[in-house]
Amino acid sequence: MNISKIKNMIAVNLQAPLVITQYFLRTLKENRGIIINISSVTANKESPLASVYSATKAGLSQFSKSLFEEVRKNDVKVITIYPDMTKTNFYENNTYFECDDDEKAYIKMEDIGNTIEFILNQNKNIVFTDITIKPQRHKIKKIKRKE
């Protein structure tokens, strides 16, 4: 992966959430807000061909955990969602694999939306700090590379 792509991935997956959180943190404390970060299952496991992506998501996850410990006294909730294989255009430029066609082998964007709705409807005195969403089946479609 070239340096430009690495810098972009760090900026999008790690730096942006940190900066946005810092910008709104005072207001979040005043209003007992909720921060929901979207990480990835790759943050918690080895992921061949995705080391930089995994590193950025692991950083975001650790930031979320540490931030929660800092702001929980202000009744701010910090939740990290760890989606697995999700049917999006994320894999559009991937030359190794993509979502399998089996609907039980990927999650949909609306599944993540439903999870966020679930989080927002919980008792104000509890917090789910980490939620992992996986499809029922573990299947990926390998892309046959043209030699």
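The values are calculated or read from the model by the stated rules, or taken from the named source; none is laboratory data. It should be emphasised that the depicted structure is a prediction, and the values quoted were computed from it without experimental measurement. Protein only, heavy atoms only, side chains kept; ligands, DNA and RNA dropped before computing areas. Shrake-Rupley method; radii C 1.70, N 1.55, O 1.52, S 1.80 Å.
Which entries of K57/K77; K77/K134; K45/K124; K45/K65; K7/K29 show an alpha-carbon separation above 27 angstrom in the structure shown? Provide the component values of the computation, followed by the final result.
Working: K57/K77 19 Å; K77/K134 23 Å; K45/K124 31 Å; K45/K65 17 Å; K7/K29 31 Å.
Listed pairs above 27 Å: K45/K124; K7/K29.
Return the carbon/sulfur percentage of the accessible area of the stretch 1-77, one whole number, probe 1.4 Å, all protein chains in place.
Working: 2750 of 5000 Å².
Summing carbon and sulfur atoms, their accessible area is 55 percent of the total for the stretch 1-77.
Starting from the Kirkwood radius over alpha-carbon pairs of the stretch 3-142, derive D by Stokes-Einstein at 25 °C in a medium of 0.890 mPa s and give it in µm² s⁻¹.
Numbers: Rh = 16.2 Å.
Rounded, D is 152 µm²/s.
Can you sort K73, K29 by 1.4 Å-probe accessible area, starting with the largest?
Working: K73 160, K29 80 Å².
Sorted by accessible area, descending: K73, K29.
Provide the per residue accessible area, probe 1.4 Å, for the stretch 3-142, rounded to a whole number of square angstrom.
On the way: 9120 Å² over 140 residues.
Per-residue value: 65 Å².
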